[in-house]
Structures are given as C-alpha cells and as structure tokens.
Amino acid sequence: MAFGDQPAYLRVAGDLRQKIVAGELPPHTRLPSQARIREQYGVSDTVALEARKVLMAEGLVEGRSGSGTYVREQPVPRAVVRTGYRALGDSTPFRQEQADERVGGTWESRSEQGMADAAIARRLRITPGDRVMRTHYLFRSAGEPMMLSTSWEPLTVTGRTPVMLPEEGPLAGRGVVERMAAIDLVVDNVTEEVGARPGLAEETLALGGVPGHCVLVVSRTYFAGGCPVETADVVMLAERYRVAYHLPVK
C-alpha cells in the first residue's frame, strides 16, 4: 500500500476515510479494532489510536459505550434559504414556512432582560452594560431540532413599549420589521455575516449533534435610519445545513 509522505496516522485515517466514502465500510458498520488496524497497516498502537481519533473528530465514526466504534450515517445537507425581508403579512419567512402543515415546524422561545457585553454592545452601537432584551429560540422542522437563535434588542428602543417582549403582546412573533413599525421605526437595512466555528457543548446537545463539530453562525442586524434595532445569531449544524442566498437583481 503506497501512502506517500504524510504522517502515518493521517495516511491510515485517509485510507479508512476513503473506504467509508466509497461504501466499503457502510453506515453502522463496526470500524476495524485498534489491533486490526495495527496488523493491517503495520503501524503502532499509538498510530492506530490517533487514526481513529481523526475519523471521530471528522464525524465519520462514533464510539458506542461497551461496543466499539461504528461508521456514522452522514446526513444529507439541507438548504436554509435567506431571501431578505418579504412583506407577506403576519410573520417572518421562516415562521411562515414552519407554520405550513406539510413542514410540521415548531419553535420555543424565552425572553429575559440582561446587560449587553462588549461584542453585543458594539453590534447595537450602545454602551457595554446597557440593558437589552435577550430572546432565545429553538426551531424544529418535522420534530427535529433545526436551528438555535439568540436575539438582542436595546431597551432604549423597545423598553416600555407594546413590543418590548418579541413573543408576547399584540405583535407577538410578527418579526422585527413589523414590530418596529408599530413604534414608528422603519427598518430599511439588514446585514448578515456567515461564519463557522466549533459548536459549544450546549449548542450541539440542543441540536442533536456531536460536541466539537462545526456550526454555521449567521449574524444578522436590523437597522432603522442607520441605528441598529436588533441583532441576532442563528446557529445550525454545519454537517446538516447549507445557507443559500436568493438575492434580487436591481
């Protein structure tokens, strides 16, 4: 077996990865034991162990207590379409889609007052320590956890108004644009940045993923007359979703 010049554990991991991708080691198949890898590839126990660790870190295999290491079934990535604000009436585009009985979408939320840390204060152009309304969301599609979202709204904007709580009151769940319009603020610009990072343990647990695997983060901010009125982070498992943008040509 010709391996090239890579470190031994990467060469072994690469060969096993190729077998997994090619279907020679299909999902739910037990990965060769450490002793078998050592024998088959002529490597040390340390190399065999490190190769298995690489495959586990990549999400290709998973350990089962008292049973061994098995090939994971890989999810088929689904598109999460970002089309910008659409004036369709009674909710955000995501909520309209999730309210469709064919999709079977649900969501949970909770709001609480808190103080803006330095990063959120910078995004909202307020002073660190200023009061904000923080709302946490968990969205599900067909019963499966799909995405997490945390939004922050400055209470200097929404405090003591009917829209102070995003999910309560006369405009509960109507979305930022419609809620802000109710207090005479016209949202005229939205920015989004998409990045990736290792998922926090609580994030991947809530989304049904593997701790340490990457998540996609969409950081979104709504502006009214150049003033930020809401900022949010939307978190999805990178192995399950792709962010697709449909942008109009003007």
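The values are calculated or read from the model by the stated rules, or taken from the named source; none is laboratory data. None of these values were measured; they are calculated from a predicted model. Here Cβ is always computed from backbone atoms with ideal geometry, including for glycine, and neighbour counts include all displayed protein chains. Side chains included, ligands, DNA and RNA excluded: accessible areas come from the protein's heavy atoms. Shrake-Rupley method; radii C 1.70, N 1.55, O 1.52, S 1.80 Å.
Key figures
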item: Residue list for the range 167-183, filter: over 15 Å from Pro228 (Cα atoms) and touching a strand residue (DSSP E or B) at 6+ places or on another chain (Cβ under 6 Å); result: Glu167
item: Any hit, the range 145-168, residues being part of a loop (DSSP other than H, G, I, E, B) and of a type in the set (S, T, N, Q); result: yes
item: Residue count, the range 121-144 (criterion: open to solvent by 40 Å² or more (accessible area, probe 1.4 Å), touching a Ser or Thr at 6+ places or on another chain (Cβ under 9 Å) and part of a strand (DSSP E or B)); result: 4
item: Scan of the range 29-73 for residues that are open to solvent by 70 Å² or more (accessible area, probe 1.4 Å), over 22 Å from Cys214 (Cα atoms) and outside any helix (DSSP H, G or I), ordered by number; result: Arg30, Ser65, Gly66
item: Near pairs, Cβ below 8 angstrom, 6+ apart or cross-chain, from the range 209-233 (farther than 21 Å from Ala244 by Cα and without any contact (Cβ under 8 Å) to a residue 40 or more places away in the chain) to any residue that is open to solvent by 30 Å² or more (accessible area, probe 1.4 Å) and assigned to a strand (DSSP E or B); result: Phe223/Asn189; Phe223/Val190; Phe223/Thr191; Gly226/Asn189
item: Search result, residues across the range 183-209 that are assigned to a loop (DSSP other than H, G, I, E, B) and surrounded by fewer than 16 Cβ atoms within 10 Å (Cβ to Cβ); result: Ile183, Asp184, Val186, Asp188, Leu200, Gly208
